[in-house]
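Student: To start, I am sharing the structure in question, which I have written as structure tokens.
Nothing in this text is a laboratory measurement; each read-out follows from the coordinates by a stated rule. Because the structure is predicted, anything quoted here is derived from the model rather than measured. In this analysis, Cβ positions are derived from the backbone assuming ideal geometry, glycine residues included, and neighbour counts consider all displayed protein chains.
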Amino acid sequence: MKTILTICCHVDLCGAVQSMLSVLKCLKLKGYRIILLIPSEGKIEQRLHEIDIEYYIVPINFSATMYNPPFKNYFVNKIYWGLYFLKQEIFCDIQIIKELRKHKIRPNLIYTNTIIPTAGILLSLIYKIPHIIHIRELSDEDFHFNFYIGKNLYLKTLNKSITYAICISQAVKNKFLPYFKTKTKLIYNGVPYYAQTDFSEEKEQNKIKILFVGRLSKEKGILDIIYAINNLKESGYSCIELDIWGEGIDKPIITNYIKEHKLEDVIFLKGYCPANKIPRHQYDIAIMSSPYEAFGRVTIEYMMAGLPVIGRNGGATPEIIKENETGMLYNSKKELIDKLKYLINNKEYRLQIGEQGKKQAIENFSEQRYTDEIMTIFNSVLNNP
């Protein structure tokens, strides 16, 4: 039995982790032994037990940080971060190798989820085995990463170790093509279809309910949505409500904005909820407001529920939404307001593009299609060394 060693830096159930788990589940069903390394305890563990994935908690070094440089001097920062990265890399890799030897694990392939974990570089060289990396971020735009040894040096080093770089959208592929050339493979994520018949509550007939699902951080564009709702309320649209599902570091900022503009009666912070438990059938309109979405799992979930989606015209969102066919795109807060007004005032159009979006999403972004394409790459690498 061939062994695939997977390295993941996330321990929550974000979209990147959910998509990875779909891959691991499929690989396990195909007869491969799956070993997963994670840096700490977290929500991911329950899912790993459910799908019976063997995992170990080990120190994992990160290639980048979201924090700003600690010093004002550029060269001092380069030296400080470079030394910090090297120290962490040596420590973490030694601990990982010890853990693998302890459990007598000799992998046949390294699978790294996102560009952040670095261990796959050295391990693939030590064991002389293929290394597949799954790139699920735009890095600079969506997370504002600061790479410890510089982005160019890190990605050039990474390129020397990888066999393939799977990119989750054309936007991501375009971003990393200069570094990985012909090694890049475009495979859109697959998203499970959540049936909406299990929910007892029905849609309110006298309200237009708007849905946002995502991390509560400014880079997700959430303040633009709140601005638009405030504008609509001031314009006399008393029938609207916005539900925000999610948690994040900017929740206090968002809460204060809602209070300052007296929007507590129309905007409701619902907190975190698993994707399969969100009652999408209760809503009329959904919004994807992130200007730099690497894929847009939430967008697909909206569409699969038959919701008309208004998406920010950036990142991979235009690859998913076809303007005025399967959804609507906007470039500014004014456009968002105008398109919200149009959907609020045109029920037949809402239903029409919602249905067309649902059909496209189910046809093009199924988990079966996703795992089939992934398996083709893994099988070709493992069976043709």
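Student: In terms of Cα to Cα distance under 21 Å, which lysines are near enough to LYS359, apart from those fewer than 8 places away along the same chain?
Tutor: Result set, ordered by chain and number: LYS322, LYS347.
Student: Does anything in the stretch 10-32 have its amide N under 13 Å from the 7 Å Cα→Cβ label point of MET375, and if so which residues?
Tutor: Counting only backbone N, you get 23-32.
Student: Strictly over 30 Å apart at the Cα level, which of LYS87/LYS270; LYS183/LYS270; LYS78/LYS334; LYS25/LYS358 would you flag in this model?
Tutor: Correct reply: LYS87/LYS270; LYS183/LYS270; LYS78/LYS334.
Student: Report, for the chain, the % of DSSP beta bridges that are antiparallel, rounded to 5.
Tutor: Rounded to the nearest five, the antiparallel share is 5 percent.
Student: Compute the long axis of helix 333-345 from its Cα atoms, compare it with the longest principal axis of the Cα atoms of the chain, and write down the angle in degrees, 0 to 90, nearest 10.
Tutor: 60 degrees
Student: Determine ³J(HN,Hα), in whole Hz, for all residues of the stretch 31-48 in sequence, where each value follows from phi through the Karplus function 6.51 cos²θ - 1.76 cosθ + 1.60 and θ = phi - 60°; x replaces Gly and Pro.
Tutor: The phi angles translate into x, 8, 7, 10, 10, 10, 9, 10, x, 6, 5, x, 4, 4, 4, 4, 5, 5 Hz.
Student: If we sort 315-322, 288-295, 373-380 on the protection proxy, mean other Cβ atoms within 10 Å, highest first, what's the order?
Tutor: Ranked by mean Cβ neighbours within 10 Å, highest first: 288-295, 315-322, 373-380.
Student: A further question follows. Suppose R0 equals 51 Å. What FRET efficiency, 1/(1 + (r/R0)^6) with r the Cβ-Cβ distance, do ASN383 and ASN324 give to the nearest 0.05?
Tutor: Step by step, r from the Cβ atoms, then E = 0.70.
Student: What's the FRET efficiency of GLU355 with ILE253 using the Cβ-Cβ distance as r and R₀ = 56 Å, to the nearest 0.05?
Tutor: 0.95
Student: If you fit an axis through the alpha-carbon atoms of helix 170-180 and take the longest principal axis of the Cα set of the chain, what angle between them do you get, 0 to 90°, nearest 10?
Tutor: 20 degrees
Student: Would you mind checking which residues have amide H under 5 Å from LYS185's amide H? H placed 1.01 Å from N; only 5 or more apart, or other chain.
Tutor: ALA165, ILE166, CYS167
Student: Something else now. What aspartates and glutamates does LYS175 reach when the alpha-carbon gap must be under 14 Å and sequence neighbours fewer than 8 apart in one chain are set aside?
Tutor: GLU137, ASP140, GLU141, ASP142, GLU293
Student: For the stretch 208-364, what is the convex hull (Cα atoms) projected area averaged across all directions, in square nanometres?
Tutor: Mean orientational projected area (the stretch 208-364, Cα hull): 8.1 nm².
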